[in-house]
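In what follows, a structure is listed as structure tokens, so that the remarks can point back to it.
Any read-out appearing in this document is the output of simple, stated calculations on the displayed coordinates, not a laboratory observation. Note that the structure is predicted; figures quoted are calculated from it, not measured. Methodologically, a virtual Cβ is constructed for each residue, glycine included, from the backbone with ideal geometry; neighbour enumeration extends over all protein chains shown.
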Amino acid sequence: MLIQMNSGQGPKECEYACYLLYQELLKEYSSLEVISRCFSHPNCLKSVVLYTPEDLSYLEGTVQWICQSPFRPHHKRKNWFVDISIMKEEVSIENVENIKFETFRSSGKGGQNVNKVSTAVRAIHIPTGVSVVAMDQRSQLQNKKIAYLRLLEKINNMELSQNKSVDYDNWNKHNQIVRGNPIRVYKGMKLKRIK
């Protein structure tokens, strides 16, 4: 499971809260591994991506930090927010051996060979249901090779478009931080948990 913590478009205090929370979660959950971090200043995290084999989906939501600003001591605001979200993982189709080939009679030019011999080939990738047809050649073997290559290309294109969508959704979470209804609340510079 991939977990993303980010300060959204918040000020430096939110980035500091993200850093403190990141340190706290690493202590609390020993199975967390750091995948990537984006620092804006020392001890100020814009975002961090963590991996764990555990199911920590109950952490998803907004975390509130109640504290006087360490950077602007006379600032009136004392509530700072960090978002924790579960990232979608990229899709990959690895087992290309799960391909079913079907033959049938092709249509169009070809004369007697087309009318009597099943030369057209349909290749179906069983796990995804993606299928392609090849009837370009007079030989079933050549059409099978063409169908196989077309299927690989179609699966590749499908993976790319799905993974672009996943990347966009994960990036867009930075703009969707909810300020209010926190799942956890911490107070003070020592990050004492009060909820």
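Within the set of pairs 6 or more residues apart or between chains, which connect a residue that is assigned to a strand (DSSP E or B) inside the range 20-40 to a residue that is of a type in the set (D, E, K, R) and surrounded by 13 or more Cβ atoms within 10 Å (Cβ to Cβ) with Cβ atoms less than 9 Å apart?
R37/K46; C38/K46; F39/E15; F39/K46; S40/K12; S40/E15; S40/K46
Starting from the range 60-89, take each residue that is under 14 Å from R179 (Cα atoms) and list its partners that are hydrophobic (A, V, I, L, M, F, W, C) and surrounded by fewer than 12 Cβ atoms within 10 Å (Cβ to Cβ), counting only C-beta distances under 6 angstrom and pairs at least six apart or across chains.
Pairs that qualify, where the first residue is under 14 Å from R179 (Cα atoms) and the partner is hydrophobic (A, V, I, L, M, F, W, C) and surrounded by fewer than 12 Cβ atoms within 10 Å (Cβ to Cβ), are T62/V178.
Taking S7 as meeting all but one of (1) of a type in the set (S, T, N, Q); (2) more than 19 Å from R193 (Cα to Cα); (3) in contact with a helix residue (DSSP H, G or I) (Cβ under 6 Å, 6 or more places away or on another chain), write down the number of the exception.
In the conditions (1) of a type in the set (S, T, N, Q); (2) more than 19 Å from R193 (Cα to Cα); (3) in contact with a helix residue (DSSP H, G or I) (Cβ under 6 Å, 6 or more places away or on another chain), S7 misses (2) alone.
Let me confirm something: among Y22, Y16, Y51, Y58, which residue is over 13 Å from R184 (Cα atoms) and either among the hydrophobic types (A, V, I, L, M, F, W, C) or surrounded by fewer than 18 Cβ atoms within 10 Å (Cβ to Cβ) (or both)? Spell out how you get there, then give the answer.
Values: Y22 fails: either among the hydrophobic types (A, V, I, L, M, F, W, C) or surrounded by fewer than 18 Cβ atoms within 10 Å (Cβ to Cβ) (or both); Y16 fails: either among the hydrophobic types (A, V, I, L, M, F, W, C) or surrounded by fewer than 18 Cβ atoms within 10 Å (Cβ to Cβ) (or both); Y58 fails: over 13 Å from R184 (Cα atoms).
After ruling out the rest, the residue left standing is Y51.
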